[in-house]
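The values are calculated or read from the model by the stated rules, or taken from the named source; none is laboratory data. Because the structure is a prediction, the values reported are computed rather than measured. Every residue, glycine as well, gets a Cβ built from its backbone with ideal geometry; the counts of neighbours run over all protein chains shown. All accessible areas refer to the heavy atoms of the entire protein, side chains included, with ligands and DNA or RNA removed. Shrake-Rupley method; radii C 1.70, N 1.55, O 1.52, S 1.80 Å.
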Amino acid sequence: MTQPVAGYRSLAEMRARLGRMLIEEGRLNASDLQDLQQRAAWNKEPLEHALQREHILTEEEVLHRFARLTQIPVLQGRQLQIDETAVAAVPPRTVVRYRVMPLHFAGDAVVLATDHLRDSEEESELRVLLGRPVQWTLCTARELTEFITHFYGIGLETFLNLTASEASARRSAGDEAAGVPDLVDEIIRDAIKSNATDIHVEPDEDRLRIRYRIDGVLYPARLPRGIERYQRALISSIKVMAQLDISERRLPQDGRFEKELDDQSFDVRVSVLPIHQGETIELRLLNRGATFLRMEELGLPPAQREQMDTLVRMPYGLVLFTGPTGSGKTTSLYAGLAEVNDTGLKIITIEDPVEYRIHGITQLQTQQHIGFTFAHGLRSILRHDPDLILVGEIRDDETADIAVSAALTGHLVLSTLHTNDSVGAATRLIDMGIAPYLVASSLQGIVAQRLIRKTCEHCREPVAFDHTYEEEIDAFFPDRRTPLEMWQGRGCPYCRFTGYRGRCAIYEILELNDELRSLIVERRSSSLLMQRAIAHGLTPLRRSAWEQVLAGTTTLAELLRVTSHARRRDQA
């Protein structure tokens, strides 16, 4: 049973016990401990912070030693269940003031998570404030922050300070929303720490909704209760940051600003749309210091890695990377480009925008407003004696025609195209007006891909296998010998309670052969092309996704989200 902090008269005594424990473990000698205690006193910090700063113990190691000394348990994320009634029983101001998180009830007592030991005075104050006994569970500072953010709202302390100062601001005829920019700043910082790519600010008549796009999926962000009364001030604050006209609420506006966080610089692009309820805002977060992945970091299985390497080293021809927006095409494209980049090749790119800078490569950015389009730039590039050309995207018939012509005249052309699978790229080029025989002659290969969310390693657990898909699995893996099992994340502070953390790519790589070229010339259907490609060894996206599910890397729900169920007909 969880016990209150007990068994010692003061925090100083407990830290002394910790020091003696480290000497017994051989982590420190008496002289080292004395020096560390003196430095901690000089820096006005507790011993446990000095141990972490000097990299003697991690935060988790400190907590587990305190747990042994006090019999207070350390939070176990996988078994964690938060009781919403316990959350409701502890007011937000108490959570902020004492930095605690209610977890559940244990009889009459409320169990609180804390990232440090508490003295008896603090415990007594909490017991009086909450009107019930208090028990403790230890957790890391990061876990505690995530708990408070998830259950009480982003920027809780800033919001509470804002509401507290509102009445006095009114009395002094000041700006009652003077603290709103700080709240906006906390929202942006929280989104960046969540690895979000976008923030959607969506006001309604009686509430304000903010959503983050994390790993390609939109998640609602928990906001402090009562924040909706500041929604106009919040939107105006964002517009001021982006140097937009706050008085204009009838027309769309676009702007940008920069944000610094943890030695990283972010470009925040702002788009404002007028709606019936006011204005909605989308913020795109771009890390200006982001670096592209290398080929070995893409996670390709050995066979597909060899295929990719072959395609990007072709002496000439057209190689396409396909998939919907946000599927990682550009990342794979740059990885392939970096693989072949050397002084023996003249490489020129034309992009919109230039996302990564690569030393030794000539990179151009389109300027639509002055007529410098992909097609216009591609024509000019051909006069600069390139060996390899990267076209950011084939968007129109003219660009497609020039890219195919360049591929047929001795250049290797890499580009992206929006199609659902690999074989669809050939059909798409024909639909754009390219003669089938030119498509067949120029096209060397297609890389179709998706990004699939990975199950959080901190909270993943086995789940019952869904036998609905057993027949499909047997068709994809006829020689399978291992038992079928599936996993999912239940949600924890490390994955923002989503059950997923990070993404990996799945690929479908098609290398054209004589049979497939003949089928393209004959304008045969995409389904027939897929069947013949599978017969020649193509690994469909659906099969690649199943490999990740059966390995426990992702979930069945994620497989169904990113791959087409119709893909089952391609099992041949």
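Among the candidates His458, His467, single out the residue that is without any contact (Cβ under 8 Å) to a residue 60 or more places away in the chain and over 30 Å from Leu412 (Cα atoms).
His467
Which residues, counting only those in the range 345-363, are aliphatic (A, V, I, L, M) and not in a strand (DSSP E or B)?
If the condition is that a residue be aliphatic (A, V, I, L, M) and not in a strand (DSSP E or B), then Leu345, Val354, Ile358, Ile361 are the ones that fit.
Would you mind stating whether Arg232 is open to solvent by 50 Å² or more (accessible area, probe 1.4 Å), outside any loop (DSSP other than H, G, I, E, B), farther than 30 Å from Glu143 by Cα and touching a residue at least 40 places away in the same chain (Cβ under 8 Å)?
yes
Name the residues in the range 265-282 that are β-branched (Val, Ile, Thr) and either at pLDDT below 95 or open to solvent by less than 20 Å² (accessible area, probe 1.4 Å) (or both), would you?
Of everything in the range 265-282, those that are β-branched (Val, Ile, Thr) and either at pLDDT below 95 or open to solvent by less than 20 Å² (accessible area, probe 1.4 Å) (or both) turn out to be Val268, Val270, Val272, Ile275, Ile281.
Report, by residue number, each residue of the range 283-313 that is under 30 Å from Pro203 (Cβ atoms), surrounded by fewer than 17 Cβ atoms within 10 Å (Cβ to Cβ) and either at pLDDT 95 or above or of a type in the set (Lys, Arg) (or both).
Arg284, Arg288
Go through the residues of the range 65-74 one by one and say whether even a single one is modelled with pLDDT under 95, within 19 Å of Pro493 (Cα to Cα) and in contact with a strand residue (DSSP E or B) (Cβ under 9 Å, 6 or more places away or on another chain).
Scanning the range 65-74, I find at least one residue that is modelled with pLDDT under 95, within 19 Å of Pro493 (Cα to Cα) and in contact with a strand residue (DSSP E or B) (Cβ under 9 Å, 6 or more places away or on another chain), so the answer is yes.
Which pairs turn up if I take residues in the range 350-376 that are within 26 Å of Val340 (Cα to Cα) and look for partners that are open to solvent by less than 40 Å² (accessible area, probe 1.4 Å) and at pLDDT below 85 with beta carbon separation below 7 Å, at least 6 apart in sequence or on another chain?
The qualifying pairs are Tyr356/Phe292; Gln363/Val354; Gln365/Val354.
If you go through the range 337-356 one residue at a time, do you hit one that is over 21 Å from Gly410 (Cα atoms), modelled with pLDDT of 90 or more and out of contact with any Ser or Thr (no Cβ under 6 Å at 6 or more places or on another chain)?
No, the conditions are met nowhere in the range 337-356.
What number of residues in the range 534-559 are of a type in the set (Ser, Thr, Tyr) and closer than 20 Å to Leu516 by Cβ?
Residues flagged as of a type in the set (Ser, Thr, Tyr) and closer than 20 Å to Leu516 by Cβ within the range 534-559 amount to 2.
Specify the residue that is farthest from the chain's Cα centre (by Cα); the eligible residues are those in the range 505-557 that are buried (at least 17 other Cβ atoms within 10 Å of the Cβ) and of a type in the set (Ser, Thr, Tyr).
Ser526
Restricting to the range 396-454, what's the tally of residues that are among the polar types (S, T, N, Q), open to solvent by less than 10 Å² (accessible area, probe 1.4 Å) and in contact (Cβ under 8 Å) with a residue 60 or more places away in the chain?
Counting residues in the range 396-454 that are among the polar types (S, T, N, Q), open to solvent by less than 10 Å² (accessible area, probe 1.4 Å) and in contact (Cβ under 8 Å) with a residue 60 or more places away in the chain gives 5.
Taking the residues in the range 29-40 that are hydrophobic (A, V, I, L, M, F, W, C) and within 40 Å of the chain's Cα centre (by Cα) as candidates, determine which candidate is farthest from Glu123 (Cα to Cα).
Leu36
So Tyr494 ticks every box in (1) closer than 30 Å to Met101 by Cα; (2) at pLDDT 90 or above; (3) surrounded by fewer than 20 Cβ atoms within 10 Å (Cβ to Cβ) but one. Which box is left unticked?
In the conditions (1) closer than 30 Å to Met101 by Cα; (2) at pLDDT 90 or above; (3) surrounded by fewer than 20 Cβ atoms within 10 Å (Cβ to Cβ), Tyr494 misses (2) alone.
Would you pick out the residues in the range 73-114 that are in a helix (DSSP H, G or I), surrounded by fewer than 17 Cβ atoms within 10 Å (Cβ to Cβ) and of a type in the set (A, V, I, L, M, F, W, C)?
Scanning the range 73-114 gives Ala88, Ala89.
Select from the range 380-412 the residues that are under 22 Å from Leu519 (Cβ atoms) and among the β-branched types (Val, Ile, Thr) and list them in ascending order.
Those that are under 22 Å from Leu519 (Cβ atoms) and among the β-branched types (Val, Ile, Thr): Ile394, Val404.
Counting only residues that are within 23 Å of the chain's Cα centre (by Cα) and charged (D, E, K, R), give me the strands (runs of 3 or more DSSP E) lying completely in the range 250-344 with at least 3 of them.
Once the strands (runs of 3 or more DSSP E) in the range 250-344 are filtered for at least 3 residues that are within 23 Å of the chain's Cα centre (by Cα) and charged (D, E, K, R), what remains is 253-261.
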